[in-house]
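Report on the structure given below.
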Amino acid sequence: MLAEIKIEFDEATKRRLEQFLARFEARAANIPGALKNIGEALLQVTHERFDSGKDPDGKMWQELAPLTVMLRRSSKPILLRTGRLRNSVSYNVVNNRLELGPNTVDALKRCQKGCV
């Protein structure tokens with residue numbers, strides 16, 4: 001069953017509503033531009049998380065096991081060893097969609113169960 005609703009506005013309200021809708025339409029036409037800005041911000045935050053050693057929830061990365069430190073002869077976090085994973089994170093805007101994540105097959109394999 002369909003219901004019909006009729007709303008009437010005075011002329012001043014009608015003009016304001018038309019102006020609002022025109023501004024909304026103009027802004028909505030630039031969704032790829034907005035997504036590019038969001039992509040840049042997310043990329044910056046992701047790099048900052050790598051640099052600070054924090055996960056997306058703000059928790060510090062798990063410490064390396066003593067055996068791992070001994071075998072690697074370094075306590076530097078594994079995700080920062082070469083910087084390849086950090087530097088592989090990028091974003092791409094396709095139409096009205098934003099994609100963010102690693103851009104290499106090697107990095108994608110490491111992120112199968114979740115990524116920074």
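Summary table
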read-out: Single residue of the stretch 53-90 satisfying the filter (surrounded by 11 or more Cβ atoms within 10 Å (Cβ to Cβ) and polar (S, T, N, Q)) that is modelled with the highest pLDDT; value: Ser90
read-out: From the options Ile7, Ile38, Ile78, residue that is touching a Leu at 6+ places or on another chain (Cβ under 8 Å) and more than 30 Å from Val93 (Cβ to Cβ); value: Ile78
read-out: Flag if Leu17 is part of a helix (DSSP H, G or I), more than 24 Å from Leu98 (Cα to Cα) and modelled with pLDDT of 85 or more; value: yes
read-out: Residue count for the stretch 76-90, restricted to those that are in contact with a Ser or Thr (Cβ under 9 Å, 6 or more places away or on another chain) and either closer than 14 Å to Thr104 by Cα or not basic (Lys, Arg) (or both); value: 6
read-out: Test for Arg16: is it surrounded by 11 or more Cβ atoms within 10 Å (Cβ to Cβ) and out of contact with any Asp or Glu (no Cβ under 9 Å at 6 or more places or on another chain); value: yes
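The values are calculated or read from the model by the stated rules, or taken from the named source; none is laboratory data. Quick caveat, the model's predicted, so the values are computed rather than measured. Here Cβ is always computed from backbone atoms with ideal geometry, including for glycine, and neighbour counts include all displayed protein chains.
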